[in-house]
Every structure is written in structure tokens, then in C-alpha cells.
1. Non-local amide H neighbours of Leu91 (under 5 Å, H modeled in plane, Pro and chain starts lacking H): which ones?
2. Using 0.36 nm times the number of residues separating Phe218 and Arg121, minus their current alpha carbon distance, what extension gain do you get?
3. If we count other beta carbons within 10 Å of each Cβ, what is the order of Trp175, Trp134, Trp110, fewest first?
4. What order, most packed first, do the peptides 158-166, 61-69 have when packing is the mean number of other Cβ atoms within 10 Å of each residue?
5. What FRET efficiency, computed as 1/(1 + (r/R0)^6) with R0 = 30 Å and r the Cβ-Cβ distance, is obtained for Arg169 and Trp65, rounded to the nearest 0.05?
6. Starting from the Cα of Asp113, step 7 Å along the direction of its Cβ; do the same at Ser86; then give the gap between the two resulting points in nm.
7. For Lys233, go through the lysines and keep the ones whose alpha-carbon is under 29 Å away, minus same-chain ones fewer than eight residues off.
8. In nanometres, what is the gap between the two model label sites at Ala143 and Asp57, each 7 Å from Cα along Cα-to-Cβ?
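Taken together, the values in this text are just the output of simple stated rules run on the coordinates, not laboratory data. What you see is a predicted model, and the numbers here were worked out from it, not measured in a lab. Positions of Cβ are backbone-derived with ideal geometry, glycine not excepted, and every protein chain shown enters the neighbour counts.
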Amino acid sequence: MRRALRESRPARLATPDGELNFVIRYSRRRSLGLYVYADGRVEVRVPFACDEHVAMDFLQRRLSWVMAKRAEFAERPRPPQPEYRSGAQHLYLGERLTLKLQYAARPQVWLTDDRLTIAARDIAEPEKVEQRLWAWYRRTAEALFPERLALGVARMHAYGIVQPPLKIRRMRSRWGSCSRRGSITLNLDLIRYPLACLDYVIAHELCHLLEFNHSPRFYRLLDATMPDWRTYKMHLTNGDPARPID
């Protein structure tokens, strides 16, 4: 019960520019971590036993870095909002697909070359088209992600890893996660990125089955599993699924 109550907690810190809202997130980690996201959110990750005042002091001492990072993100051009009309482009495994909408009594979605057709009665409603697109993304991911996970496990057979349970869901701040029980969760949004990025996240989480931390030993294991992983991590950090991978 204690762990469930301490998963996260909103908090505020007074700054010269006003109050800064942030989240204290509790986990099994041993050290404190500070994260600033592109949308301006700030998160302090701490061990379960950490007191709130310790997290507040940690953030206070790094406040200048946080404010500089938020300013940096604010200056970046915002990506255009996706459109859900015929001719709009959406991403699938790093490639641009052109959306085609057509009326049909029976809902269907299918891919032909670089064109994704959505047929339904409600194609005039953008929110319905969005729902059907993401339902297609999910169905595709539920077929593809387990296959890529199996390939990742095969690459690490020498370490005695077996195929772990897999969950797929949309996450705001993580590409993947690994639980203490050995279950792996992958972000559905990876379906929009090049396949190598998906394989990198899988490799990262599989390494956590052996090293549940980010120690030097963990990174040596990741280097041995996927020597060019930094390229794919940078691609995900840049947040542009259609950007070519060098």
C-alpha cells in the first residue's frame, strides 16, 4: 500500500519567476534524478524512502539548470499538429504515409504502399479518424513488437534471457520500462519511429533484466548487445520520427 501511495506527488517550488510546478516520482532507484520535458514538465525521481524536503532541496540547487532547459525547449519550433483529412501525412516506422479517407458502411483500415486508407461512416469527424488511426497503430504494434522482442532475446541468448511478458501502451515520458518482475512495457508511439529505434529500446529494457540500474556494467552490456545504440537514442531524443538515421 505504501508503494502505491508514493508513486508520484505534485509539488511546488517558489522561484524568482513565480511558482514552479513539478512532480516527485518515487521508484526503486538509489539516487535522485531530475528531468525536464519538451512540454515544460519537471520531474524529480527519488527512492521510495526519500523525504519530500530532500527532493525540494535537490531541485532548488539545480534550479538554474531547470530554468535554462525549459527556456531552451520553449525556443524550439513546435511540431505541426497532426491533421486527420485526406492527403495528410502520418508516420509509420519512420516513413511518411499519406492518409486517404473514404466513406464506407463497414469500418476498415488498410495500407497500400505509402498510402493508408481509412474507410468508415464517420470520416468527416477528425477525432474519429484519429481514433481509427491509433487503433490501427495498436493492432500493428501488437503484431510487430513481440516479433522484435523475440529477435532481441535471440541476440542475447548467451546471457540466458528468455522472452519476458510484454505490454504496449502510450506513455508521455518513457519509451520503455522494465519491472522488477521482469515484465517489459513499450511505448506505442515507437510504431511511428524507424525499426532500429524500437530495437534499441527493446535492447535497453532487456539489459535491465540483468542489470536493474544504469551502472557502468549496464552500459557495457548494452554496448555489447547493440554497439550503435547511441545513434538511435539520439534519434528518439530529437523527437522527429521522419529524420533519417545516419
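1. Correct list: Leu97.
2. Separation in residues times 0.36 nm, less the Cα-Cα distance, equals 29.8 nm.
3. Exposure proxy ranking, most exposed first: Trp110, Trp134, Trp175.
4. Result, highest mean Cβ count within 10 Å first: 61-69, 158-166.
5. Once rounded, the FRET efficiency stands at 0.45.
6. About 1.7 nm separates the two model spin labels.
7. Partners found: Lys69, Lys167.
8. In this crude label model, Ala143 to Asp57 measures out at 5.6 nm.
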